[in-house]
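This report concerns only the one structure given below.
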Amino acid sequence: MLQLIPSTHRPGFSVQKGVLMTATAGIAIFSFFPVLQTILYLYEDIGLLSTLQSVLLGFTIGKAWIVTYLVSNVLFIYIIWFDYRKRPINSLVGLILTFILILILGWSSHAASIDDWKGFLIHSAHFTAISVWVGILIVVSWFPTNYSNWLKFLKWFTPVAAGCFMVTIATGLLLMNVVIDYSDYANSWILPYGQSLLIKHLLIIPLILYAFINSILIRRNILKDSSFNPIPWTKAENLVIFLIFSATAVLGQQEPPHEIEITIASSGISSLFDLFYSGNITKESIILLGFNLNAVLLSILGAFFLILSVMTYVKRAPAFIGFMMNILSVISFYLALMMSIQ
């Protein structure tokens with residue numbers, strides 16, 4: 001996508017063929033792991049080869065991986081033969097093949113297995129929005145050759161990122177409602193799935209703060225000082241996004257709480273929740289939140305860390321210090337919620 005933008009409206013960047021080939025090979029290889037998990041879960045009943053054939057040809061997740069593998073190989077060969085840096089039009093084919101891979105992921109998603117076309121469209125829109133927004137941010141943060149034209153870059157990227165963020169939030173809420181009722185959100189904290197979901201949502205707070213810094217405040221700094229380097233702060237935003245992706249990955253390894261009572265019996269209580277809650281948990285347990293001194297003080301502390309993270313930018317402190325302030329704010333807000341459980 002970036003290569004299709006005129007060079008006068010974006011910073012310079014260069015992603016080596018080796019990086020693109022490794023990423024494409026990673027899609028083909030690592031997307032097999034969910035298939036492998038299914039095979040290992042079922043093979044004892046009918047044998048390894050029969051299970052392999054059954055999962056690959058009979059399960060949606062298996063058929064989706066076969067198509068993913070084939071498209072990834074086509075993309076891999078295309079990257080070898082055609083250099084996006086020599087002709088921008090070469091990027092268009094890569095863009096189309098990448099979008100096809102996103103659609104395949106949506107087809108094999110949990111949401112699509114529950115609600116067919118609606119789940120497919122919501123999940124595909126969700127992942128497309130994330131890929132456009134975060135993908136551009138990753139490239140300009142980790143593969144830059146310069147940071148010129150940053151103001152012109154922000155002029156179009158800021159509304160694109162804002163639009164993608166809104167689509168991500170809207171589709172994310174719809175996807176969440178597929179696996180858990182909104183009214184059961186607090187109750188899900190009892191489970192490992194709910195804890196991961198809560199941490200993921202709390203990490204969105206510093207992400208919004210970084211979006212403000214990297215769009216509004218950085219624009220003011222560059223107008224005052226054209227030599228100002230915005231890259232360290234976009235890298236810090238990338239690190240927060242990586243943590244959100246990590247929490248999402250953990251979610252993918254947990255049993256979704258379609259029915260809280262049943263899931264407690266099958267997956268057990270979260271060790272994190274058990275660490276903070278001293279009461280007895282049963283299938284009928286309901287989580288109620290209430291204000292108390294500890295929760296209020298921890299909330300104030302979390303807000304204080306957020307203010308400090310902005311101050312580290314204003315005072316030109318290292319971006320890593322601001323990142324740590326944001327992580328401490330997430331920890332404080334998390335503890336505040338855990339302490340507010342009655």
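Residue count for the range 222-247, restricted to those that are farther than 20 Å from PRO318 by Cβ, modelled with pLDDT under 90 and open to solvent by less than 70 Å² (accessible area, probe 1.4 Å): 0. Scanning the range 77-107 for residues that are in a loop (DSSP other than H, G, I, E, B) and open to solvent by less than 40 Å² (accessible area, probe 1.4 Å) yields ASP83, TYR84. With respect to TYR185, is the statement that it is at pLDDT below 95 and crowded, with 19+ Cβ neighbours inside 10 Å true? Here the answer is no, as TYR185 does not meet what is asked. Looking only at the range 192-221, filter to residues that are closer than 20 Å to MET325 by Cα and more than 16 Å from the chain's Cα centre (by Cα); which one of those is most open to solvent (accessible area, probe 1.4 Å)? Checked the range 192-221; the qualifying residue most open to solvent (accessible area, probe 1.4 Å) is PHE212. Tallying residues that are touching a residue at least 24 places away in the same chain (Cβ under 8 Å) and open to solvent by less than 40 Å² (accessible area, probe 1.4 Å) within the range 304-332 yields 13.
Give me the residue from the range 108-160 that is of a type in the set (Phe, Trp, Tyr) and in contact with a Pro (Cβ under 9 Å, 6 or more places away or on another chain) and, out of that set, surrounded by the most Cβ atoms within 10 Å (Cβ to Cβ).
Ranking the qualifying residues of the range 108-160, first place goes to TRP150.
Looking across the range 134-174 at every residue that is in contact with a His (Cβ under 7 Å, 6 or more places away or on another chain) and hydroxyl-bearing (Ser, Thr, Tyr), the one that is nearest to ASP225 (Cα to Cα) is identified as THR168.
Tell me the residue from ILE216, ILE199 that is assigned to a helix (DSSP H, G or I) and within 17 Å of LEU243 (Cα to Cα), please.
Checking each option against the conditions leaves just ILE199.
This table checks each residue for (1) under 22 Å from the mean Cα position of the chain (by Cα); (2) not in a helix (DSSP H, G or I).
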{"site": "ALA295", "(1), (2)": "no, no"}
{"site": "ALA303", "(1), (2)": "no, no"}
{"site": "ARG316", "(1), (2)": "no, yes"}
{"site": "SER332", "(1), (2)": "yes, no"}
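Residues considered: SER148, SER124, SER141, SER91. Of these, the only one that is more than 26 Å from VAL240 (Cβ to Cβ) and of a type in the set (S, T, N, Q) is SER91.
Right, PHE153: of a type outside the set (Ser, Thr, Tyr) and over 17 Å from the mean Cα position of the chain (by Cα) or not? Yes, satisfied. Among the residues in the range 42-62, are any open to solvent by 30 Å² or more (accessible area, probe 1.4 Å) and closer than 23 Å to THR128 by Cα? Yes: one or more hits.
Scanning the range 144-186 for residues that are assigned to a helix (DSSP H, G or I) and among the β-branched types (Val, Ile, Thr) yields THR158, VAL160, VAL167, THR168, ILE169, THR171, VAL178, VAL179. Scanning the range 253-293 for residues that are within 24 Å of the chain's Cα centre (by Cα), exposed (fewer than 13 other Cβ atoms within 10 Å of the Cβ) and at pLDDT below 80 yields a single hit, GLN253.
Tell me, yes or no, whether the range 88-105 has at least one residue that is of a type in the set (Phe, Trp, Tyr) and at pLDDT below 95. No, there is no match, as no residue in the range 88-105 is of a type in the set (Phe, Trp, Tyr) and at pLDDT below 95.
The values are calculated or read from the model by the stated rules, or taken from the named source; none is laboratory data. Note that the structure is a prediction, hence the values are computed from the model and not measured. We place every Cβ from the backbone using ideal geometry, glycine too, and count neighbours over all the protein chains shown. With ligands, DNA and RNA removed, areas are computed over all heavy atoms of the protein, side chains included. Shrake-Rupley method; radii C 1.70, N 1.55, O 1.52, S 1.80 Å.
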